[in-house]
Amino acid sequence: MTTDFKSTDWKNLNFAIVGLGLIGGSFAKALRRLHVRSIIGIEIDDNVLAAAMDQGIIDIPLKTASEEMRQADVVICAVYPEAIVNFVRNSVGFLKEDVLLTDVSGIKKNLSSEVQSLLRPDMEFISGHPMAGRQGSGLGMSDGDIFQKANYIVVPEKHNSKEAIKWLEDFAIALGCKHTIKISPEEHDGIIAYTSNLPHIAAVALIDSDSFSEKTKYFIAGSFRDGTRVADINAELWSSLFLANKEQVADEVDKYVEQLQLWSVALRAGDGDALKNFMRKAAARRKELY
């Protein structure tokens, strides 16, 4: 690679963000705080583009890639994995030499190598995943603060240069992230099935339970509220993510069902010792996490 994207002089860098939803919009707002030179917003929804301009979080609104894209030193793809591939395939002719592309996708698999194969030799794609988000979806829910103290997963592959890896790590810290972690695509997808995919499924399943009724809202305290927070979910995005990682997600669901079955058996048997052991084990693990 002969890239020149490795500058961390943010005020002299031009960024393009593909997709101005919750995460893309949050990136735009965080980039404004870094005082970058300019932000190009690429979004198919005219209303979203207009809102982003009204909020002053982008400088150039585009519905599709065009000559204006050639200004971008860095392109952040904040759309579905399959949409990233399609975007790069259709826009590579509008990208400048030495451009750095990255993503925020929740599923990696062969994404990085597939995108890199579409690029010219002087361009580089490095995959990343900020462990940041909030309830809801869309630009209206975006918030530049979601990166504060978050972890940023960097997913390098063989084609990635040391400079690109270091740049993405520095960028994450500049956004406000607390830690960066390097991991392979396979490890990423396996762990994310447990820590992200499964909790979303569990929250949706809890809300969809036959026990839900019109009286439920009068009996909600912290545990139910926290446990179902992510049930307010972007169905289009998450169904795509679940299916893209379906085998590993299904395995985690099976493991979760096994744990619930242990609880069911212990409860019906009146086995208080078993219940205490479940909770003590979980409490110790939880303390290790935080």
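The table below gives the values:
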item: Value in Å of the Kirkwood radius, where the chain supplies the Cα pairs that are averaged; result: 20.6 Å
item: Where Cα atoms sit under 21 Å apart: lysine pairs in region 1-129 separated by 8 or more or lying on different chains; result: 5
item: Computed [θ] at 222 nm, helices only, for the chain once each DSSP H run of length n ≥ 4 contributes -39500 (n - 2.57); result: -13500 deg cm²/dmol
item: Highest-fluctuation residue, Tyr218, Tyr152, Tyr194 considered, GNM on the chain with Cα pairs under 10 Å; result: Tyr218
item: Pairwise Cα inverse-distance average, inverted: Kirkwood Rh of region 1-144 (Å); result: 15.0 Å
item: Label point distance in nm, Glu258-Asp143, each placed 7 Å from Cα along Cα→Cβ; result: 3.7 nm
item: Centroid-to-centroid separation of region 102-147 and region 1-74 [C-alpha atoms, Å]; result: 14 Å
item: GNM flexibility winner over the chain from Asp226, Asp170, Asp189 (Cα, springs under 10 Å); result: Asp226
item: Accessible-area value, Lys63, 1.4 Å probe, nucleic acids and ligands omitted, Å²; result: 100 Å²
item: Extended-chain gain in nm, criterion 0.36 nm per residue less alpha-carbon gap, Phe224 and Ser209; result: 4.1 nm
item: Region 96-209 - charge dipole about Cα centre, Lys and Arg +1 at Cβ, Asp and Glu -1, debye rounded to 20; result: 200 debye
item: Surface share of carbon and sulfur [accessible, 1.4 angstrom probe, percent] for the chain; result: 53 percent
item: In Å², nearest 10: area of Trp10 left accessible to a 1.4 Å probe; result: 40 Å²
item: Of the DSSP H helices in the chain, those whose Cα atoms cover at least 27 Å axially and whose Kyte score averages -0.5 or more; result: 246-269
item: Most mobile listed residue (Phe125, Phe212, Phe278) in the chain, GNM with C-alpha springs under 10 Å; result: Phe278
item: Cβ-Cβ FRET estimate between Thr8 and Gln135, R0 fixed at 30 Å, reported to 0.05; result: 0.40
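The values are calculated or read from the model by the stated rules, or taken from the named source; none is laboratory data. Computed from a prediction, not measured in an experiment: that's the story for all the values here. Here the Cβ is made from the backbone with ideal geometry for all residues, glycine too, and neighbour counts use every protein chain on show. Areas reflect the complete protein model, heavy atoms only, side chains present, ligands, DNA and RNA absent. Shrake-Rupley method; radii C 1.70, N 1.55, O 1.52, S 1.80 Å.
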